[in-house]
């Protein structure tokens with residue numbers, strides 16, 4: 001069994017917060033000793049392990065308490081592992097700071113920058129109609145069809161560029 005709360009709110013909750021607010025995190029895990037021995041309990045913030053408890057009690061349980069001050073939106077979760085194969089992961093608690101959401105702005109900006117670089121491939125991409133398509137079955141309309149499809153794809157690429165640029169701007173990069 002895995003239990004987890006942030007400021008008294010259970011997993012799946014969203015906490016509206018302000019910059020500088022304190023978050024008190026409490027997590028516990030227990031495992032039937034007939035099945036396996038508990039190994040550790042981890043606290044995860046934005047995918048990174050920030051605290052680990054491995055002081056297993058005689059009843060095969062572990063608890064963890066952690067405090068932090070938030071300055072941006074985050075998601076927080078807990079996971080536990082047994083010594084063999086047992087594993088459990090909670091749903092996150094989302095902490096929204098100053099109504100800005102809980103996304104990791106730095107990670108979002110890095111991903112958006114990588115996607116912008118990949119979109120440049122569409123600008124120069126050429127289709128080899130002899131190897132990649134079946135011109136013998138499509139016939140003469142193939143050239144016109146490819147030109148129209150390219151135009152439509154580039155419209156979507158431009159929309160994606162705008163969306164990724166907005167994500168980067170929002171993250172302050």
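Bear in mind these aren't lab numbers, they're just calculated from the coordinates by the rules spelled out. Keep in mind that this is a model prediction, so the values were computed, not measured. Using ideal geometry, Cβ is built from the backbone for each residue, glycine included, and neighbour counts are taken over all protein chains shown.
A few comments on the model shown:
- Working note: 222 nm ellipticity from helices only, DSSP H runs with n ≥ 4, each -39,500 (n - 2.57), summed and divided by the residues of the chain, gives -10000 deg cm²/dmol to the nearest 500.
- Rg/Rh (Cα only; Kirkwood hydrodynamic radius) as it applies to the chain: 1.23
- Crossing angle, helix 105-119 versus the chain [Cα axis fit, 0-90 degrees, rounded to tens]: 20 degrees
- R0 of 35 Å, Cβ-Cβ distance residue 150-residue 110: FRET efficiency to nearest 0.05: 0.75
- Global geometry of the stretch 13-75, whether rounded, prolate or oblate, following the gyration tensor of its Cα atoms and the 1.5 cut on a/c: prolate
- Tilt relative to the chain, helix 142-171 - C-alpha long axis, 0 to 90 degrees, to 10: 30 degrees
- The stretch 1-58 versus the stretch 95-115: alpha-carbon centroid distance in Å: 23 Å
- Taking 0.36 nm per residue of sequence separation and removing the Cα-Cα distance, the residue 55/residue 34 pair yields an extension gain of 5.7 nm.
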